[in-house]
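Notes to accompany the following structure.
Derivation of every value follows stated rules applied to the coordinates shown; laboratory data play no part. Please read all numbers here as calculations on a predicted model, not as lab measurements. As a convention, Cβ positions derive from the backbone with ideal geometry for all residues, glycine included, and neighbour counts pool all protein chains shown.
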Amino acid sequence: MRMRDILCRERRRMPGRRELAAALGLTALAALSPLLPGGLIGPAHGQAQPRIVSVGGVVTEVIYALGLQDRIVGVDSTSQFPPDALRDKANIGYVRALSAEGVLSLKPSMVMLVDGAGPPGAVSLLNESGVGIVRVADETSEAGVSAKIEAIGRALGAAEPAARLAAQTKARFAELATLRGSIARPRRVLFVLSLQNGRVMVGGRNSSADAIIRHAGAVNVADGIEGYKTMTDEAIMAGAPDVILMMSHNVNHATTPAELFAMPAFAETPAARQKRLVTMDGLYLLGFGPRTPMAARDLMAAIYPDAAVPPLKTASAP
């Protein structure tokens, strides 16, 4: 998951919106095929199965989890899980820099777009083309993640398997909540999105970083900031983070604990004293799909290494 992907997504997220899981919707903007009972979209008798272009890493992840990957003809570059997606499917480019012509060249019958996919001009051209467009709201709450899974399944005519996957995800979140209940002293975590020219960009309240920190049973040091913004050195020092959280990057852009904690903003923090820098894969950490409870558990284990946080028993449920 790229920095600009996170920033664009968060600009579209209104405060409190993640609590409105009931508002999660999939809007079909063009006819795909006859509706199945209950309003589910699926191929009519005798018609070829849908040709899907999946735009958004979480959308692709859910489709694969439902076993419907054979319907996918193209994915965007954020579709990094499972690895087979980018290896086996046509790559239509970055989620927010789509080419309508490139998408339409794959002759899709359905394009599933996560919130914030674009640019708007490309989406407008897709609408005008007559291809079926399905929008997927990008929610971060427990209820919102499960609703997202169910909504994708309904659009694909796979309501029952999606309901089962959503139920498994709910069970994992419930087990995660039990683990959170055992935390006596929540630690303070600062998510750092980027370090450029001495400017520290962090994840504040109503951001996806804020959501995963809270799911992991910790306190977001930057909750006085809305979304992703820069934070002053003085504010970071005053926030006294116990742990610094970052996305893992390739070797050319990696930040070591020694480099990070040599910076004045971090040098005097509690995190610096024990070199507590946690890095995790961006899509796993901030994707908010079926793997999110496990990602939050892994983050919890990294934040509280002395607690011997057990793996989720429900993680291996069929």
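Numbers at a glance
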item: Whole-angstrom gap from region 101-124 to region 194-259, using each part's C-alpha centre; result: 32 Å
item: Per-selection Kirkwood Rh - region 99-251 (Cα, Å, 1 d.p.); result: 18.4 Å
item: Spin-label model distance (nm) - Ala308 vs Met263, 7 Å beyond Cα toward Cβ; result: 3.6 nm
item: Using distinct alpha-carbon pairs, which all enter the 1/r mean, Kirkwood radius of region 70-144 in Å; result: 13.0 Å
item: Above-threshold pairs, the threshold being 30 Å between Cα atoms, out of Lys170/Lys275; Lys107/Lys148; Lys89/Lys148; Lys229/Lys313; Lys148/Lys229; result: Lys170/Lys275; Lys229/Lys313
item: Rounded if a/c under 1.5, otherwise prolate or oblate - region 188-316, Cα gyration tensor axes; result: prolate
item: Dipole magnitude (debye, nearest 20) for region 168-266, charges at Cβ of Lys, Arg, Asp, Glu; result: 380 debye
item: Ser124-Gln49 pseudo-label distance in nm [points 7 Å out on the Cα-to-Cβ vector]; result: 3.6 nm
item: Residues whose placed amide H lies under 5 Å from that of Gly203, excluding near-sequence neighbours; result: Phe191, Leu193
item: Descending semi-axes in whole angstrom, ellipsoid equivalent of region 52-110, from the Cα gyration tensor; result: 17, 12, 9
